[in-house]
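The values are calculated or read from the model by the stated rules, or taken from the named source; none is laboratory data. Because the structure is predicted, anything quoted here is derived from the model rather than measured. Every residue, glycine among them, receives a Cβ derived from its backbone with ideal geometry; neighbour counts consider all protein chains shown. Heavy atoms of the whole protein, side chains included, go into the accessibility calculation; ligands, DNA and RNA do not. Shrake-Rupley method; radii C 1.70, N 1.55, O 1.52, S 1.80 Å.
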Amino acid sequence: MTNQTLIKHIIKSLSLLIVLIAFAVPILAAEPIIWETNSRAELLHGEAHGVSVTDTGALMLAPRFTQLFNTEQPYIWSSVADSAGNIYLGTGHDGKIYRVSPDGHGALLYDSPELDVTALAVGRDGALYAGTSPDGKVYRISSDGKAEVYFDPPDKYIWALAVLPDGQLAVGTGDKGKLYRVAAANAKPETSLLIDTNQTHVISLAVDAKGELIAGTDPGGIVLRISPEGKAFALFDSPLREIHALAPASDGSIYALAISEAASGPRVGNAPAASPQSAESSTSGQGSTTVTITSIDESGVPQQSQPPGGRSRNDLSNAKSAVFRILPDGGTDVLWSSSTITAFAVAPAPQGGSVLIGTADKGRIYSVTDDGRDTLLLQSTEGQTSTFVVRGREVFAASSNQGKLFRFGSELVNEGNYESPVRDAKLVASWGRIWWRGRGGVELQTRTGNSEHPDATWSDWSAPYRDAAGAQVTSPRARFIQWRAVLREPAGTGGAETRMENVSLAYLPRNVAPEVLNITVLPVGIGLQTIVQIQTDPNIESSGLDPSLFGAVVQVPPRRVYQRGARSLQWQAEDRNNDTLEYTVYYRSLNESTFRLLKDKLRENFYTVDGATLADGRYVFKVVATDAPDNPGGQALMGERMSEPVDIDNTPPVIRTVGETQATGDHAHVVFDVEDATGMVKRADVSVDGGVWRGVFPDDGIADSPRERYTLDLPIIGAGEHTVSLRAFDMSGNVGSIRITVRNAK
């Protein structure tokens, strides 16, 4: 084989290889999309199991969250602990009280006649006090489960209980808003009344570090300090209607959880079978409880949505719930608020300097520092976290829907996982690499599908990706994708070193041909001119950055101007890949089959045709859109649309006189025929001796045909010659004219 033959053979082989590669590569939009999950607000849309989400948007192993006891009741309204470490749970709607021992063994202690046990407290003698609703009573229950009515006020609800330093029992009620101080069993309500608050409900009670009684009300949303003599002093007036829970801290401050009208609802007694309610938190050892209803969906899950980002916690205009910190010096700070989440429980965190908040947002528990930095600490398996009891370094969280008791502390889980929200690529996509920042035992997996919510039709989770610098996604092409992070405790670290954040995933949606949605042909004579657009930095496009990062470019519509014989086209087009489009405009006569190029490489979605460049007739215009500016050669796609037939008429009407012009006295009798070869006559005007043009009507009364006759009787003033001018317009704006001379012999 000669060298020349060998070279030809190599060239032929390379050409064939290039062709094969071109056919093997899927047609895709040229620029990949990077799905970045790098903020706390985005992460809160996912599902965290054994994983905490920090205020800076990092995933870390969460405290160990252990279920101790299942009451098999739908709701736990109240909880409290005694000195021996037993936890008592008040439930609804069967009004049962359970005792859970420190080792997690739980049993029924008492079944009250009322529907709901809405408040619990432990006396100095170790006896349990239980407040019930509706037709509220306070029971004193011994350790063997024997109960007696301790206090029976006329009030309908017993919302809150608190044991005072002298051992007396404070009782907050509704629906008259009274607060009682009960010194002994069977005390009379009228002699036990401490204060009538003039509110509808005393909804929460607590005893602060100084031994002073603190009360929260509804609907005024007021936090009151009540003296032993019944003198009330308002510590705080919340803009929200209900002070749902109070939790004194060891530094003398008080955490107050308030909920709004939108988050609160009908009370227990008014709707015993309605939506679930929740109770407030207990402070360490002693507690007070309240109840509020929240809506649920058909599956029993509370209807909550995720908190939006970029909102100030001090903005309470649309807040559903908020936590305030009332300082010892009387000042008040907003620590946390949400316009979408209803919180039900609050308690000082064991480590100090922060507060725990239990919500109806997937039973999530948030930890919020005293300067307002909040972390999603835990996500429960139940719908609501309704109460807290803090004992030493441990926290006991009670849930509703189902009513269960959980425990957590400072010990972290060995393994947890987080499932991201589902990403909609809008089109079937090819997946690129996934990468993240992290340390410790972190690995990611992906799964894909073509249904909006993951189900049996989705792919299985992929094999783990362990290289944080980037790994190729192995899940099949599809429209939707989701990633899952698995965090594990590295040996000997206690889990504190495991951390992950800033997950990015690249994908390329299938390239879809653009579509020209419609073409509009403007009336004759309207030309379109480009208005100078706001100039953008010319370096943006060459930089490779997305121009939208620098703000939206305002597209100014074209200016309309008069242009004789012009026919302007405007169209709308879309590209599902958001590619830049270029347009080409073609035309052909109706009696032809071949389109001819009129204009190409247009970026504007309009074009003005100079009618004088086309012969008279009926034409069809075609607009072809291509995404070539954003796709490599050979991979660009096109879409096109044809207009309705359009008349091009550049020939003016022809005007002729009919017969002899007759002048009689002060009048001239003139007859004109107007004929248009292509279109129809639209109107005619007449002028005598250069005077003002006046509109005239044809003999049949309507100018609506290619040929019209005008018989005119015009005034002629004075002897001598006079001129009569007639101009006629066709539907395309062409104008023809004639001038004749009339002699008046008078």
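Considering all alpha-carbon pairs of the range 85-220, what whole percent are spaced by more than 17 angstrom?
56
Could you grab the relative contact order for the range 118-172? Cα pairs under 8 Å, six or more apart, rounded to a whole percent.
Reported as a whole number, the value is 33 percent.
Give me the one-decimal nm value for the distance between modelled label points at R564 and A209, 7 Å along each residue's Cα-to-Cβ direction.
Between R564 and A209, the simple spin-label model gives 9.3 nm.
Quick one: net charge around G95, please, counting Lys, Arg +1 and Asp, Glu -1 for every other residue with C-beta under 13 Å from its C-beta.
The answer is -3.
Round to a whole number: what % of the accessible area of the chain belongs to carbon and sulfur, probe 1.4 Å?
50
Taking θ = phi - 60°, what integer Hz values does the Karplus form 6.51 cos²θ - 1.76 cosθ + 1.60 yield along the range 167-172, in sequence order, with x for Gly and Pro?
Calculated HN-Hα couplings, in order: x, 6, 10, 8, 10, x Hz.
Please work out, to two decimal places, the log10 of the ratio I(q)/I(0) at q = 0.18, 0.21 Å⁻¹ from a Debye calculation in which every Cα of the range 594-726 carries one identical scatterer.
Taking Cα atoms of the range 594-726 as identical point scatterers yields -1.03, -1.22.
In this model, which of K176/K231; K137/K362; K96/K178; K178/K320; K188/K320 are farther than 28 Å apart at the alpha-carbon?
Working: K176/K231 18 Å; K137/K362 33 Å; K96/K178 25 Å; K178/K320 26 Å; K188/K320 38 Å.
Pairs exceeding the cut-off: K137/K362; K188/K320.
Tell me which residues come under 5 Å, amide H to amide H, from I203 once H is placed; ignore anything under 5 positions away on its chain.
G216, T217, D218
Whole-Hz Karplus ³J(HN,Hα) for the range 656-669, in order, using 6.51 cos²θ - 1.76 cosθ + 1.60 and θ = phi - 60°, x for Gly and Pro?
Couplings: 10, 7, 10, x, 8, 7, 10, 10, 10, x, 9, 10, 10, 9 Hz.
When all protein chains stay in place, what accessible area (Å², nearest 10, 1.4 Å probe) is found for M642?
100
Measuring from centroid to centroid over Cα atoms, what is the spacing of the range 327-370 and the range 692-716 in Å?
86
Would you kindly state how much longer the chain becomes between R709 and D685 on full extension, computed as 0.36 nm times their sequence separation minus their alpha carbon distance, in nm to one decimal?
7.3 nm
Angle check, please: helix 3-24 long axis (alpha carbons) against the longest principal axis of the chain (alpha carbons), in degrees 0 to 90, nearest 10.
60
Got a sec? What order do E148, E419 fall in by accessible area at 1.4 Å, biggest, i.e. largest, first?
The ordering from most to least exposed comes out as E148, E419.
Under a Cβ-Cβ cut-off of 14 Å, what is the net charge of the residues other than A107 that fall near it, where Lys and Arg count +1 and Asp and Glu count -1?
Every neighbour counted, the sum reads -2.
What FRET efficiency would be calculated for the residue pair E604, A677, taking the C-beta separation as r and a Förster radius of 35 Å, to the nearest 0.05?
FRET efficiency, E604 to A677: 0.55.
Determine the relative contact order of the range 421-513: mean sequence separation of Cα pairs under 8 Å and six or more apart, normalised by residue count, in whole percent.
46
Give the accessible area for F65 in Å² (nearest 10); use a 1.4 Å probe, count only protein heavy atoms, and leave out ligands, DNA and RNA.
Result for F65: roughly 50 Å² accessible.
How large is ³J(HN,Hα) for each residue in the range 466-483, as worked out from phi by the Karplus curve 6.51 cos²θ - 1.76 cosθ + 1.60 (θ = phi - 60°), to whole Hz, x for Gly and Pro?
Coupling constants for the range 466-483: 10, 8, 5, 6, x, 9, 5, 5, 9, 5, x, 4, 6, 8, 10, 9, 9, 10 Hz.
Compute the relative contact order of the chain as a whole-number percentage, counting only Cα pairs closer than 8 Å that sit 6 or more residues apart in sequence.
Relative CO of the chain lands at 10 percent.
In Å, the Kirkwood hydrodynamic radius of the chain over pairs of distinct alpha carbons?
Computed over Cα pairs of the chain, the Kirkwood hydrodynamic radius comes out at 32.9 Å.
Any number yet on Rg/Rh for the range 22-144, C-alpha, Kirkwood?
Taking Rg over the Kirkwood Rh, I get 1.34.
Taking the Cα-to-Cβ direction at D251 and at I531 and moving 7 Å from each Cα, how far apart do the two end points lie in nm?
5.7
Would you tally the net charge around G679, using a Cβ to Cβ cut-off of less than 10 Å, leaving G679 out, and scoring K and R as +1, D and E as -1?
Residues close to G679 contribute a combined charge of -4.
Largest first and in whole Å, give the semi-axes of the range 393-497's equivalent ellipsoid, each being the square root of 5 times a Cα gyration tensor eigenvalue.
In descending order, the three semi-axes are 31, 21, 9 Å.
So which GluC sites (Glu not before Pro) in the range 639-728 end up in coil per DSSP with only 12 or fewer other C-beta atoms within 10 Å?
E660
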